[in-house]
Amino acid sequence: GMRQLFAEDVRSNRGGLREILADYQILFGNSDKRSLRVHDVSWFAEGDTLTVIASYSAVVSDGRDRRARKSHGDLRFDMRKINDQWRIFRFQHGERPG
């Protein structure tokens, strides 16, 4: 389902669409429980681009050892309309230590 969020030419700090989907497959592929909290959201529009900036907190529990992995950081994604649907064409995220 995540594939639907992105434009074909999406770019991130890790690469393009293939790299983004591979990262999420590694993160969520073997999980049995996961949560993603997005907070401190702000957005602005400029021309045909909508930019969203937010913080996130994620918890992923692996089904094998039930150990929860926690992370938090910042997100930024820029969106444009493609066939009347908003799609992410630029995506950045950074994990914060702690």
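The values are calculated or read from the model by the stated rules, or taken from the named source; none is laboratory data. All figures in this text were calculated on a predicted structure; none of them were measured in a lab. As a convention, Cβ positions derive from the backbone with ideal geometry for all residues, glycine included, and neighbour counts pool all protein chains shown. Just the protein is used for accessible areas: all its heavy atoms, side chains included, with ligands, DNA and RNA removed. Shrake-Rupley method; radii C 1.70, N 1.55, O 1.52, S 1.80 Å.
What shape does the chain take by its C-alpha gyration tensor, where a ≥ b ≥ c are the square roots of the eigenvalues and a/c under 1.5 counts as rounded, a/b above b/c as prolate, and the rest as oblate?
Judged from the Cα gyration tensor, the chain comes out prolate (a/c at least 1.5, a/b above b/c).
Take every DSSP beta bridge with both residues inside the chain and express the antiparallel ones as a percent of the total, to the nearest 5.
Around 90 percent antiparallel, to the nearest 5.
Going toward the positive end of the dipole of the chain, with +1 on Lys and Arg Cβ and -1 on Asp and Glu Cβ, which of 77, 4, 56 do you reach last?
Looking along the dipole axis, the top candidate is 56.
How would the stretch 1-42 be classified by its alpha-carbon gyration tensor: rounded, prolate or oblate, with rounded meaning a/c under 1.5 and the a/b versus b/c comparison settling the rest?
Oblate shape, in that a/c is at least 1.5 and b/c is the bigger or equal ratio.
Could you sort the peptides 14-25, 71-82 by per-residue average Cβ neighbour count (10 Å cutoff), highest mean leading?
71-82, 14-25
Work out how much length residue 24 to residue 82 would gain on full extension: take 0.36 nm times their residue separation and subtract the Cα-Cα distance, in nm to one decimal.
This chain segment gains 18.6 nm when fully extended.
Give me the percent of accessible area attributable to carbon and sulfur for the chain, probe 1.4 angstrom.
49 percent
Per residue, what accessible area does the chain have, given a 1.4 Å probe and all protein chains present, in Å²?
On a per-residue basis, the chain sits at 71 Å².
Taking only Cα atoms, what is the 0 to 90° angle, nearest 10, from helix 17-28's long axis to the longest principal axis of the chain?
30 degrees
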